[in-house]
Structures are given as structure tokens and as C-alpha cells.
1. Looking at (1) at the interface with chain B (Cβ under 7 Å from one of its Cβ atoms); (2) modelled with pLDDT under 95, which is the only condition residue A:13 fails?
2. Of the numbered conditions (1) under 23 Å from the mean Cα position of the chain (by Cα); (2) farther than 28 Å from residue A:36 by Cβ; (3) more than 14 Å from chain A (Cβ to nearest Cβ), residue B:253 fails exactly one; give the number of that condition.
3. Identify, from the list B:199, B:227, the residue that is within 11 Å of another protein chain (Cβ to nearest Cβ) and either farther than 26 Å from residue B:178 by Cβ or under 21 Å from the mean Cα position of the chain (by Cα) (or both).
4. Give just the number: which of (1) at pLDDT below 95; (2) more than 13 Å from every other protein chain (Cβ to nearest Cβ) does residue A:272 not satisfy?
5. Please go through (1) more than 7 Å from chain B (Cβ to nearest Cβ); (2) crowded, with 23+ Cβ neighbours inside 10 Å; (3) in contact with a helix residue (DSSP H, G or I) (Cβ under 7 Å, 6 or more places away or on another chain) for residue A:81 and return the number of the only condition it doesn't satisfy.
6. Within segment B:161-180, does at least one residue satisfy the condition of being exposed (fewer than 14 other Cβ atoms within 10 Å of the Cβ), modelled with pLDDT of 95 or more and closer than 21 Å to residue B:241 by Cα?
7. Could you tell me whether residue A:242 is modelled with pLDDT of 95 or more, within 21 Å of the chain's Cα centre (by Cα) and within 11 Å of chain B (Cβ to nearest Cβ)?
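The values are calculated or read from the model by the stated rules, or taken from the named source; none is laboratory data. Model, not experiment: these values are computed from the prediction. In this analysis, Cβ positions are derived from the backbone assuming ideal geometry, glycine residues included, and neighbour counts consider all displayed protein chains.
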């Protein structure tokens, strides 16, 4: 009986070797072992987050595959940014139909490679599987931080300002643009939907009293800070920072409740505002005060907003 | 304008709070923050693995949901077992159709809870998402080990024996049984397909020269040890240990090439066989020598096997 041909690996292993092995960091053991090894940096607390993204739910079948890889990494990196952590490594699982062309994997891996270089992270391990359904991706990101210095969602106090980084609403408007529902002549909105900007590298420990990233819509996520702090917040819709493209789109209800921003949402005591603005200048990141926390049962009040608002995005 | 009702959370958050928050370990921050915090045990090397399982590919729509949770954890735990690591924590991502009944989540979480207790692991974080496709699950498992003592796939030497734990083929035969293709009067095979047994807690450092777990079929995975060691292996099919149920099934080609065993595959020098058998007795785990590594180009030879063998399972 002829021996199984072990020199020609099944296609799954060839795919991993060609596209994912080049992404490996130290300890990944070339993705050729059952698990990866990692010696933690001494004296540091590790920070972990896992996010899944699904074709047609979080990205579109026609999105360039490199942007899908970058979005997967960036939504996970954004969680580290929300905690004030520094990224190190990630693990990846990928389920795709058997018919997925090799060029898709090549593009996806190229996007990962570009953002590995941009954010200083390396692939530590993962798994590939087939699926009869849409492409389903998951990453677990590993970062580190000085023990006790993680930013938390709890901690806001009455009188603290509510601040955001960057501009709000671009991601959700980008999805509308890609669906042909609004114009996007500069492609700014589509690009922000496909490739969000995790706000890593900011030094907010000792400045922000609470923090999170905005993934499910500004109002819903502001609600999370309220519940975690036992407070209400009043948001002035006119203060919410918009890109030129978002302003032209004229869809304030989408800006306030759409998801996919991946900007930071912060509570900042008035006494720390000068420090916040100094950090904003150092990092060249825009921070905008959009509201105030109030001593009241958890709720989100919007002043000057559109008359009808859907509640935030919920998967279930 | 009425404020969004932040007291009644969207269903996604209720689902997480009811089913997954009770699974949390220290550092998971009640799954209410953007990421989890983890202070690594001093002086220990961490071990990471991530595996995905997909409905209809790795489990069946009619499988009891508790067994799906247990299988997800166990296939990941098996990777730690293959490296000789001790499990600590895991992160979970879950994509399911919006129509998935709450009882499915309750059963899935109950299975996780049972195996958390059985294996001493806790949930550290994760994500839930909707999908228009099959349920897609992914876990990243975190373990620890004495630095430098991980078992690796490389390291087998000519003359080393090829050993397996437990019995081989039950998982793949269980899938055939669940499809109605073979009889399974005791349900032993179906149970082994649904709830594999990760071989944790064995002390094989200094005994095994190479190790991995068998997930893609005995012959294919033996080929991995051959490639990693630059060796051939000769397997005596008559020595491959079978459960009574597998023997009755009479499908040796499935036993040798089917996946889903999650037993360990080891290379053991002859001089360490006494130590291996002592460890087998201590741990009450069966170890069986099924072949010998040979100084030849990587290949897998089977003596006394069935006349036609499909090559191992490949996802792509």
C-alpha cells in the first residue's frame, strides 16, 4: 500500500504556511506546534480582549480583503486603547468557505502585515476552518500595562466632562455610503468604516476618570459609562465633532446612534482638562468635550439632537 | 425628546449578563469593560492556543448545546495538554443567528460551566455577534508552564517509539454514528465525538521527545511529527488501541485517518519507556506503543492496515 503523501501537505497547511507564517512573532513557533509560548514582560499586567467580525454584519463581501484584516486587528486594538494598554500579540481564528480564493487570503494577510507593522504587534497563533456560511473572523489581542493603571468604565463623577476623540459617526455613515444610501464623493466615510483608527499611545491614566471605546454607537456607549458610574450624562448634540463628510451627509441620528466609531469616550474631571488638552497636543489627537455627567439615575439626555433616535445597535 | 432607555439594556447585554457573566474569573471585570486584566504568575511561561469550531463542520445542529460548549473548551484544552501546560483562563467569541433560542445559550453556558469546574479554568473575556450563517465559535486558551519545559512537535529521534493515549478513532466513528452510517448501541462513539477528553495533567517533560494532539487524523498528525523531526515512522495498524465500540464498527480506515481524537501522540525514547509506563499508572491513562521512528525522509508507513486510505482531513 502506498504511504500517504506527507510531503505534499493538505491545502490547509499550505495556506497557513504561505499566508500566515510570515506574520509570526517570537513564541509562535512558526504556527507549527499545538500552542504558542510567551514569556510575559516582568512586573506588567496583561490585558486581553477578543472580538469577532462576520461578513455581511461587520464587513461587506465586496470589501477589499486587506481592509478586512486591518479592521479585525483594529477593533481589537481599540479595546486595548480603551484600557490604556500597549499591544503585543494577537491570535486569529478564521472560518471561510472552501471556495474562498487564494487571493482573498493573500489580501487579508497583507492587511494584517501592514497593521502589524503600524501598531507593533505580531501573530502568536490561531486556527483556520471551513464553513458553509459567511467568513467569520475572531482575534484575541494581548497587551500590557503598568499594574493598576488600566482605564475602566467605572469611575466617572458628577461634574466630569464627557469627551470624545476624533470625529463621530463616520463609520456608520460609511456603511450607508457603501450601501448606496448616501453620497461619499471623497470616500472618507467608506474608508473610516473599513479601516477605523484605534486610539493607542495616549497617556490618559490620571487624567480620565473613566473610559471606553465607542463601538455600538455614541449614545448606547455613553449609557454604559452612566451605568458603570451610577450617573446620568447630558450630551449637547451640537458639540459632537463631525468630519466634513459627516456634516455634508446631514444624518445626525446616524451620528449619535450608529456604531463602528472606535473613538474613545472619556469622563474627565474639570481639574484635569488642562492635562487632557496638553496630551491632545502632544499626541496630535483631537479631544472634544460633548457633555457633562450629572448626579442622577443612569440615563443619557441629548440636547439639540434630532427628534427621533433609534436605540443603539444590539446584536441580539 | 425622551432619553434612550438605558435601564433596559439591549438584548445582547442581557444575554451576556445572564449566561456568561457567571462564568467569569478574576480579572474578567464582569465582562463589563473593554478588556480583561491578568497578572501573570511570576516566573512562568504562558502558553496560548486558539481554535474555532463551526456548526455542521465541527459539531451538528442537533448536538445538545452543553456538549458544544464542552467541545469548544476541550479542543482548546487539548492543545495545552499537547504542550504539557496547565490551563488558567479562556476567551470566547460566539456568532449565532438572531433566531437562536435563549435555551441554546443557557445550555451552551451550562456546558462551559461544567468543564470550567472540571478543568480549573475561568472565562476571561469575549464577544458575541449575530451571523446569517451557522453558529461559529472560537476560544483562545491561556495556560502556563515552567519556562523551557513545553513539549514540542520537533525532537523525535530514530528508534523512538510512537505512542498514543487512550483509544483512537472513536470521534470520527461517532460522527458516522450520528449521521446514521454505523450503529452505536452504547452511544460511546457519539459521546466521544461530542465530548473529547483532553489529556491534561500528565507529566511528560523529560519522557517524550516530541508530542502533539491528534485532531486531524492519526496518520496525518503522525506525518507532522515526521516532518518536524526529519524522520519516517512505521505504524503497526494492529497495535492501534481501539475501544470495544470502535472494534465492533470495523472501519479501520476511519480509525487511522478520521479526526477528532484529541488523544496525545508522542515520541518516546526506549530508555524512557519505563518512566512513561510509571506515569501512565500514576495518571491512570492508557499509553500504547503503535510504531517506531526511522532514519528516513519524512513519511508515514502503515503495516497491516486497510488497503485503501484517504489522506487526512484538510479544511481547505
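1. (1)
2. Only one criterion in (1) under 23 Å from the mean Cα position of the chain (by Cα); (2) farther than 28 Å from residue A:36 by Cβ; (3) more than 14 Å from chain A (Cβ to nearest Cβ) is unmet by residue B:253, namely (3).
3. None of the others qualify; the one that does is B:227.
4. Going through the list (1) at pLDDT below 95; (2) more than 13 Å from every other protein chain (Cβ to nearest Cβ), residue A:272 breaks only (1).
5. The single condition residue A:81 does not satisfy is (3).
6. no
7. In short, no.
Yes/no matrix, rows are residues, columns are (1) crowded, with 19+ Cβ neighbours inside 10 Å; (2) more than 28 Å from residue B:57 (Cβ to Cβ):
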position	(1), (2)
B:221	yes, no
B:224	yes, no
B:229	yes, yes
B:244	no, yes
B:249	yes, no
B:262	yes, no
B:284	no, yes
